[in-house]
Amino acid sequence: MPVADIARLADHVGQLVAIKGWVHHLRSSGKVRFMVVRDGTGLVQGVLVKGQLPEADFAAFDRLTIESSLTLKGKVRAEARAPGGYELEVTRVEPLNLAQDYPISPKEHGVAFLMDHRHLWLRSPRQQAILRVRDEVCRACRDFFHDRGFILVDTPILTPTACEGTTSLFETDYLDRGKAYLSQSGQLYLEAAAMALGRVYCFGPTFRAEKSKTRRHLTEFWMVEAEAAFYTLEDVMELAEGLVSYVVSQVLARHRRELETLERDLAPLEAVVPPFPRISYGEAIARLQEMGNDMAWGEDFGGDEETVISQAFDRPVMVHRYPRSCKAFYMEADPEAPELALCVDMLAPEGYGEIIGGSQRVADLETLLARLEEHHLPREPLEWYLDLRRFGSVPHSGFGLGIERLVAWLCGLKHVREAIPFPRLLDRLYP
RNA sequence: UCCCCGGUAGCUCAGCAGGUAGAGCGGGUGGCUGUUAACCACUUGGUCGGCGGUUCGAGUCCGUCCCGGGGAGCCA
């Protein structure tokens, strides 16, 4: 007897199959009993009619509890009354493990309770749908870069020093050599790899010990970062736009069902096709001031400002050339306006905020040395990084994309904590 | 770190002006031959976050600490 995936039951109509899975739901109506079983690929209802299976198997139903594991055998039948359209006429019930009282019900639960039970919460249809979309997002990112000749280069997680600000570093003891820090970004290493391979990207976890309590922050999150030699800011904006529109198109093409489960409005996603609007920081400020916002030139946008800016467009908007004063040390100055950085942030629509940050990097050694001084960063641990400017320095650019923010936007989630299997937050390290 | 809101049954919550601790769901038992978060009946279930104070009497008022949620700053 073949073991069938529930998602493939249509291929087995009329056949006797085995399904290995977990009890999702139980109902009883006297001599007819129903159980909905899930196997990770989908849900199917099994029907037990007294007399049509061994008495012991029929009786086994009464001992089953929600989330008990079992093998269910029976004949597949198309059935309009069943959710999903197919049904199993059950001939055997073979329990494997009888679950204890399962804490999560289809009824309402609070956030704290669900987060404490994240390991079980993942089993719910909604969380499964999110994880499938996340899988697709990751796959699409890799395919996109691979197809464009970008080489995957894994950057280290344990690092001797900070990439960006020093305030948000997770510190750990590194054997007898003092302190090490969890990576906040693979960028600096990726720049080295770009000087070797030309076009490179990395995909991995990053860690920021920010005391941020918002719907957009995790202390551990996944980032895809790209870096390319000889790329300008304009090149990297085109790349970012291409990546995001490709990922959205792939999710739309392959995961309608999941988006439906999530009750995601598809119209805003279908609008996400190139070209994305590009506006400068200066234009953004002007627009904000026109709308009565009293933000002054030189300040960085807050969440409210990002929302206001992105609401003016029906697709992600790229805001470029921020004042250098509010950006990182490694960003190249705009030769036409040295107070501006050659950088770009991509703001997702619908109030989801920044999903990408990128820039052209400083290529000149003396300029970079001056920047380190300005930012009070120690030179010695970054000598290797300075070497990249000593040995065949070229203009180069890159960006980082936050996977959870992208997934949260695509799935229409209220908080990024649902966009990662086991979120790490300011006050949460369990489970 | 700061500002708001909250913590009562396994879960989601109600509990009025300080006066005997409640509901729905879940769990259990029984019933029902097509259920869809089934339904019906019965039933089980509490250190009211901790500590201290006011009071004849505190879930309720005050103080403090802990935990959680929402937001801010910073960022992806």
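Neighbours of residue A:216, meaning other residues whose beta-carbon lies under 15 angstrom from its beta-carbon, give a summed charge of -3 when Lys and Arg score +1 and Asp and Glu score -1. The mean sequence distance of close C-alpha pairs (under 8 Å, at least 6 residues apart), as a share of the length of region A:6-97, puts its relative contact order at 33 percent. Sorted ascending by nearby beta carbons within 10 Å, beginning with the fewest, A:264, A:379 become A:379, A:264. The peptide list A:406-414, A:148-156, put in order of mean Cβ contacts within 10 Å with the highest first, becomes A:406-414, A:148-156.
Sparse packing (at most 14 other Cβ atoms within 10 Å of the Cβ) combined with a DSSP loop state is found for the following trypsin sites (Lys or Arg not before Pro) in region A:28-109: A:31, A:50, A:81, A:107.
Taking other C-beta atoms within 10 Å as the exposure proxy, A:238, A:305, A:87 rank A:238, A:305, A:87 from fewest upward.
Using a cutoff of 8 angstrom between alpha carbon atoms and counting only pairs six or more residues apart, the relative contact order for chain A works out to 13 percent. Sorting A:94, A:258, A:55 by the number of Cβ atoms found within 10 Å of their own Cβ, with the fewest placed first, yields A:55, A:94, A:258. Give the percent of DSSP beta bridges with both residues in region A:192-335 that are antiparallel, rounded to the nearest 5. Counting only bridges with both partners in region A:192-335, antiparallel ones make up about 75 percent. Judged by the ratio a/c of the largest to the smallest principal axis of the C-alpha gyration tensor, region A:223-290 counts as oblate, that ratio being 1.5 or greater while a/b is no larger than b/c. Centroid-to-centroid, using Cα positions, region A:234-251 and region A:125-202 are 19 Å apart. For region A:118-419, the residue among A:218, A:378, A:274 whose Cα projects farthest onto the positive side of the dipole built from Cβ charges is A:218.
Under 29 Å Cα-Cα from residue A:31, which lysines qualify once same-chain neighbours fewer than 8 residues away are excluded? Leaving aside lysines fewer than 8 places away in the same chain, those within reach of residue A:31 are A:20, A:50, A:73, A:75, A:107.
Under 13 Å Cα-Cα from residue A:211, which aspartates and glutamates qualify once same-chain neighbours fewer than 8 residues away are excluded? The qualifying aspartates and glutamates are A:220, A:427.
Only the coordinates and a few stated rules stand behind these numbers; no lab work does. A quick note: this is a predicted structure, and the numbers were derived from the prediction, not measured. Positions of Cβ are backbone-derived with ideal geometry, glycine not excepted, and every protein chain shown enters the neighbour counts.
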